[in-house]
Amino acid sequence: MQKNIQKLWELKNLIESSQKILLVNHIRMDGDALGSLGWLYLLLKKLWKKVYAINDEPIPEAFHFLWNTEIIKPEMETEEKEWDLIISLDAASWSQLWDVYKEFFAIFDTHPFVVIDHHITNNWFWTLNIIDPQYSSTCELVFDIISELWYSEQIDSEIATYLLMWINTDTNIFYNSNTTYNTFKVASELFRLWGNQRQITNELFKKKGLAQAKLWWEALSHIESHFEWQVVWSYITQEIFEKTETDNHHTSGLLNEFLANIDWAKISYLLYELPDWSIKWSLRSFKKIHNVSQIAQIFWGWGHIQAAGFTRTWVNIQQAQQELLDEIQKYL
């Protein structure tokens, strides 16, 4: 955090001199993306700012147990296009902001724009970048930002719960190797502030709907592997999503809880078809640390050393599997 002190004071000056602030996070948001945006939205409201949050997609159903599920809007209102400040949370590149960025590029290009992120693959895509890959999550990073800028007195139970989202996602409940002393230190402080960790764990890890169970059964019934390379994977087609009455959001946990825990696997991955027929890959390497972000970057992806992903268009499932296996073979 010390290396970002000057940038933090730039951010504080921008926040205090701004009245209208726009927040964005990456498409197909996970707990860290929603948590980091959610805390900032609530905190800025406490500072009497006019805040607007936007993403191409609505908040995933899995996160609807949070109190403010209507925080993020799917599009920008016509009259809401004059902002004093724009802040991006947990996005590693402008492409992760997708249509929001493309449609309103002129607004992003002509207003103060801050990027707050922790991904090692971040390409520092704007002028004020507060990026630190040493943090387990963007939520952990922003907690330290709050503390440095003397805003911590604004944290209540609701904000603390948003920040605790990263425990269940980016650290996999303290399991991943990105968990550090500071991670536990921040978590203990959020517990003190009555962040509802038990509710988060129950909603995101324990509770499963019947449709989700059927989806996982379908995916696990056709696990494939390459024993020589020690790679395990599975796939989900749109046909399977339709059969089980689910969507891509119901895949959450399948890779971390099952595929990545095959005892001999060095690398595990899941690929699935999205509604627009593009294909999303998610890669993990938990048993032995391999830098799967290097593989993801070959396909213009992003992520962490042990967890990364990317999206491809104009390929089918069979082509997708072969392309990725070829790159994994080269890597190994």
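State whether the residues of the range 39-46 include one that is on the phi > 0 side of the Ramachandran plot and surrounded by 15 or more Cβ atoms within 10 Å (Cβ to Cβ). Don't jump to the end; show me each part of the working.
Residues of the range 39-46 on the phi > 0 side of the Ramachandran plot: none.
The answer is no, given that none of the residues of the range 39-46 is on the phi > 0 side of the Ramachandran plot and surrounded by 15 or more Cβ atoms within 10 Å (Cβ to Cβ).
Just wondering, is there one or more residues in the range 245-253 that are of a type outside the set (A, V, I, L, M, F, W, C) and within 22 Å of Pro133 (Cβ to Cβ)?
Step one: filter the range 245-253 for residues of a type outside the set (A, V, I, L, M, F, W, C), giving 245-253.
With within 22 Å of Pro133 (Cβ to Cβ) added as a condition, the list becomes none.
No, the conditions are met nowhere in the range 245-253.
Out of the residues in the range 299-314 that are surrounded by fewer than 15 Cβ atoms within 10 Å (Cβ to Cβ) and of a type in the set (A, V, I, L, M, F, W, C), state the one that is nearest to Leu254 (Cα to Cα).
Residues of the range 299-314 surrounded by fewer than 15 Cβ atoms within 10 Å (Cβ to Cβ): 300, 313-314.
When the remaining residues are screened for being of a type in the set (A, V, I, L, M, F, W, C), the result is 300, 314.
Values: Trp300: 24, Trp314: 25 Å.
Among those that are surrounded by fewer than 15 Cβ atoms within 10 Å (Cβ to Cβ) and of a type in the set (A, V, I, L, M, F, W, C), it is Trp300.
With the requirement that a residue be of a type in the set (A, V, I, L, M) and in a helix (DSSP H, G or I), what does the range 184-237 give you? Outline the logic, then answer.
The first filter runs over the range 184-237 and keeps only residues of a type in the set (A, V, I, L, M), leaving 186-187, 190, 193, 200, 204, 210-211, 213, 215, 219-220, 223, 231-232, 236.
Answer for the range 184-237, where residues must be of a type in the set (A, V, I, L, M) and in a helix (DSSP H, G or I): Val186, Ala187, Leu190, Ile200, Leu204, Leu210, Ala211, Ala213, Leu215, Ala219, Leu220.
Where residues in the range 169-183 are within 20 Å of the chain's Cα centre (by Cα) and not in a loop (DSSP other than H, G, I, E, B), which of them is surrounded by the most Cβ atoms within 10 Å (Cβ to Cβ)? Steps first, answer last, please.
Let us first name the residues in the range 169-183 that are within 20 Å of the chain's Cα centre (by Cα), namely 169-180, 182-183.
Subset that is not in a loop (DSSP other than H, G, I, E, B): 182-183.
Values: Asn182: 16, Thr183: 20.
Filtering first and then ranking leaves Thr183.
At pLDDT 85 or above, closer than 22 Å to Met29 by Cα and either more than 18 Å from the chain's Cα centre (by Cα) or not assigned by TED's automatic domain parsing to the domain that holds Lys7 (or both): is that true of Lys45 in this structure? Step through it out loud before you land on a result.
Details: at pLDDT 85 or above: yes; closer than 22 Å to Met29 by Cα: yes; either more than 18 Å from the chain's Cα centre (by Cα) or not assigned by TED's automatic domain parsing to the domain that holds Lys7 (or both): yes.
Against the criterion (at pLDDT 85 or above, closer than 22 Å to Met29 by Cα and either more than 18 Å from the chain's Cα centre (by Cα) or not assigned by TED's automatic domain parsing to the domain that holds Lys7 (or both)), Lys45 qualifies.
Let's see how each residue does on (1) in contact (Cβ under 8 Å) with a residue 40 or more places away in the chain; (2) in contact with a helix residue (DSSP H, G or I) (Cβ under 6 Å, 6 or more places away or on another chain); (3) within 18 Å of Leu43 (Cα to Cα); (4) among the small types (Gly, Ala, Ser):
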position	(1), (2), (3), (4)
Trp94	no, yes, no, no
Phe104	no, no, no, no
His119	yes, no, no, no
Cys139	yes, yes, yes, no
Phe143	yes, yes, yes, no
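Go through (1) modelled with pLDDT under 90; (2) farther than 29 Å from Phe63 by Cα one by one and return the number of the condition His304 breaks.
In the conditions (1) modelled with pLDDT under 90; (2) farther than 29 Å from Phe63 by Cα, His304 misses (2) alone.
Of the residues Ser221, Ser136, which single one is outside the structural domain of Asp30 (by TED's automatic domain parsing) and hydroxyl-bearing (Ser, Thr, Tyr)? Spell out how you get there, then give the answer.
On the way: Ser136 fails: outside the structural domain of Asp30 (by TED's automatic domain parsing).
Testing whether each residue is outside the structural domain of Asp30 (by TED's automatic domain parsing) and hydroxyl-bearing (Ser, Thr, Tyr) leaves just Ser221.
So Lys288 fits all but one of (1) modelled with pLDDT of 90 or more; (2) surrounded by fewer than 17 Cβ atoms within 10 Å (Cβ to Cβ); what number is the exception?
Only one criterion in (1) modelled with pLDDT of 90 or more; (2) surrounded by fewer than 17 Cβ atoms within 10 Å (Cβ to Cβ) is unmet by Lys288, namely (1).
Is it the case that Thr251 is surrounded by 18 or more Cβ atoms within 10 Å (Cβ to Cβ) and over 24 Å from the mean Cα position of the chain (by Cα)?
Values: surrounded by 18 or more Cβ atoms within 10 Å (Cβ to Cβ): yes; over 24 Å from the mean Cα position of the chain (by Cα): no.
No: the conditions fail for Thr251.
A quick yes/no check of all residues on (1) over 28 Å from Ser137 (Cβ atoms); (2) in contact with a Cys (Cβ under 8 Å, 6 or more places away or on another chain); (3) at pLDDT 90 or above:
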position	(1), (2), (3)
Trp217	yes, no, yes
His249	no, no, no
Leu259	no, no, yes
Lys266	no, no, yes
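Restricting attention to the range 218-229, and to residues there that are surrounded by 16 or more Cβ atoms within 10 Å (Cβ to Cβ) and in contact (Cβ under 8 Å) with a residue 40 or more places away in the chain, which single residue is nearest to Glu273 (Cα to Cα)? Reasoning before the result, please.
Residues of the range 218-229 that are surrounded by 16 or more Cβ atoms within 10 Å (Cβ to Cβ), as a first pass: 218-219, 225.
With the extra rule that they be in contact (Cβ under 8 Å) with a residue 40 or more places away in the chain, the set shrinks to 219, 225.
On the way: Ala219: 13, Ser225: 20 Å.
Step by step, filter the range 218-229, then rank; the result is Ala219.
What is the residue count in the range 264-319 for residues that are within 17 Å of Thr169 (Cβ to Cβ) and charged (D, E, K, R)?
2
Every residue, every condition in (1) among the hydrophobic types (A, V, I, L, M, F, W, C); (2) more than 17 Å from Ile5 (Cβ to Cβ), yes or no:
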residue	(1), (2)
Leu85	yes, yes
Ile116	yes, no
Trp124	yes, yes
Asp132	no, no
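Of all residues in the range 152-168, count the ones that are assigned to a loop (DSSP other than H, G, I, E, B) and farther than 13 Å from Asp30 by Cα. Talk me through it step by step, then tell me what you get.
Kept after step one, since they are assigned to a loop (DSSP other than H, G, I, E, B), are these residues of the range 152-168: 155-156, 164.
Next, from what is left, pick out any that are farther than 13 Å from Asp30 by Cα: 155-156.
Total satisfying the criteria: 2.
Of the conditions (1) farther than 25 Å from Leu163 by Cα; (2) touching a Lys or Arg at 6+ places or on another chain (Cβ under 9 Å), Trp94 clears all except one; give me its number.
Result: Trp94 passes all but (1).
Quick one: which residue in Leu274, Leu220, Leu283 is of a type outside the set (S, T, N, Q) and touching a Lys or Arg at 6+ places or on another chain (Cβ under 7 Å)? Break it down stepwise before answering.
Working: Leu220 fails: touching a Lys or Arg at 6+ places or on another chain (Cβ under 7 Å); Leu283 fails: touching a Lys or Arg at 6+ places or on another chain (Cβ under 7 Å).
Leu274 is the lone residue from the list that is of a type outside the set (S, T, N, Q) and touching a Lys or Arg at 6+ places or on another chain (Cβ under 7 Å).
The values are calculated or read from the model by the stated rules, or taken from the named source; none is laboratory data. It should be emphasised that the depicted structure is a prediction, and the values quoted were computed from it without experimental measurement. No Cβ is skipped: glycine too gets one built from the backbone with ideal geometry, and neighbour counts run over all protein chains shown.
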